[in-house]
Ligand code: NAD
């Protein structure tokens, strides 16, 4: 763990194992932090806050810029650790490191653009000035599926704003977090500005982040279930929160879309990170008369993707994160088949040869998916594509909006009118129009409804870490 500028074991010397999900091998043992360690990290962040927040924006920017340069130098090392610890193919891991580094550069620049306001007053003797100030010490909790970029997406804006941070990464991916903190150490961030606590049981950290009076802000990426629970507890102590939670993205193909182009896009985004992405399409809506052509093209591309260890050349589908993820996928597929879905390809665990000890599930395509099936309602977080036929009289946007989630949605059409109508009517925070990658450090990322609140990245991202202070001056 990295606390107050030093690498430390847990107070009680406890450790836990980190596994390679492709092989089942233990990769390393890392400290299993206790309640005491968490308190020490929070206190260190508190001590560092006053001097860090007093630096000029240019000085903080310089640290972030330095960390960005180091991160790019270490791109290959970081990507290799990520593939071994999290499972995604090496090329995808390299992309993630680049995406993660982008946030350091973006917020190194945004640090210098935290503008206040002057507001005209109705009273001649009065002046209003609005100041933006850092919220204070931030508690950050990140997931395993994007174990590097979720860290920089939170820490870069927090640091740019002048906040200090305690991070708890997911228990499946502490090694990526440790590598990131080596970068912050090398960038010579002052002691206590960033602190890392690794722990197998996340509950005590969550409990301290929502109750310790030093923490002024909680930023969380993970499941809706945990996000809601933390939000409830944070409300009792009036902590600021940002939540990036689950998704259930619709992918709408209109009848004027090119089925080949749409199928190509849908496969790329559906199987990104073996389906373990919060923006992964979970419901693919296709006009009934186009289902056969679309499914044929889609399945051809799915069958061309090689599953295996992400370190091996040409592998496109890595393992799932663990046994629970495999069970969830198996359960959704079984339920769908029992209720009348057609299995076009996949539909089983992969255990042949070297895959035996990992958590592999075959990339799967289901058609005839209907409302009654679990997969129509629940986030899958795995490599299963659910194709749903719709008819001309159906309001497909209404069908797409029929979910508690509201993170990402995709639309394929050649009609500008349809594209604009869908963009305006879809109740999701991120809409890809003939575009499967509507994400960038420069663009706001976040969801509506049960997908959370707040936005990360973009010029909005830094606001999550700022307070607004009004000064009324009588002169
Ligand atoms: P999870 O909620 O179980 O875990 C996420 C993080 O929360 C981990 O660090 C975990 O240790 C921690 N956590 C778990 N229980 C906790 C508790 N009681 N108190 C404090 N922290 C706790 O989620 P997961 O299943 O590991 O991650 C996948 C989920 O994350 C999916 O639902 C996915 O959609 C979501 N996700 C969302 C985004 C986004 O930007 N919206 C990005 C990635 C993942």
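The values are calculated or read from the model by the stated rules, or taken from the named source; none is laboratory data. None of these values were measured; they are calculated from a predicted model. Ideal geometry is used to build each Cβ from the backbone, glycine not excepted, and the neighbour counts take in all protein chains shown.
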### Message
Give all pairs with beta carbons closer than 6 Å in which a residue from the range 233-246 that is assigned by TED's automatic domain parsing to the domain that holds residue 151 and more than 24 Å from residue 404 (Cα to Cα) meets a residue that is surrounded by fewer than 14 Cβ atoms within 10 Å (Cβ to Cβ) and at pLDDT 95 or above; count only pairs at least 6 apart in sequence or on separate chains.
### Response
237/211
### Query
Any idea how many residues of the range 99-118 are surrounded by 13 or more Cβ atoms within 10 Å (Cβ to Cβ) and over 14 Å from residue 457 (Cβ atoms)?
4
### Task
Tell me which residues, restricted to the range 211-224, are assigned to a helix (DSSP H, G or I) and within 11 Å of the ligand (Cβ to nearest atom).
224
### Task
Look through the range 268-283, keep the residues that are on the phi < 0 side of the Ramachandran plot and assigned to a helix (DSSP H, G or I), and return whichever of them is surrounded by the most Cβ atoms within 10 Å (Cβ to Cβ).
270
### Single unsatisfied condition, residue 258 versus (1) modelled with pLDDT under 95; (2) within 16 Å of the ligand (Cβ to nearest atom)
(2)
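Conditions (1) within 25 Å of residue 364 (Cβ to Cβ); (2) at pLDDT 95 or above; (3) assigned to a helix (DSSP H, G or I), marked per residue:
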position	(1), (2), (3)
226	no, yes, yes
238	no, yes, no
266	yes, yes, yes
285	yes, yes, no
295	yes, yes, yes
### Query
If you scan the range 430-475, which residues turn out to be more than 16 Å from the ligand (Cβ to nearest atom) and part of a loop (DSSP other than H, G, I, E, B)?
434, 435, 436, 442, 459, 475
### Task
Name every residue in the range 229-244 that is surrounded by fewer than 18 Cβ atoms within 10 Å (Cβ to Cβ) and within 10 Å of the ligand (Cβ to nearest atom), in order of residue number.
229, 233
#### Entry: helices (runs of 4 or more DSSP H) within the range 63-177 that include 2 or more residues away from the ligand (no atom under 16 Å from the Cβ) and free of Cβ contacts under 8 Å to residues at least 24 places away in the same chain
75-86, 90-110
### Task
Taking residue 394 as meeting all but one of (1) assigned to a loop (DSSP other than H, G, I, E, B); (2) over 26 Å from the mean Cα position of the chain (by Cα); (3) more than 13 Å from residue 254 (Cβ to Cβ), write down the number of the exception.
(3)
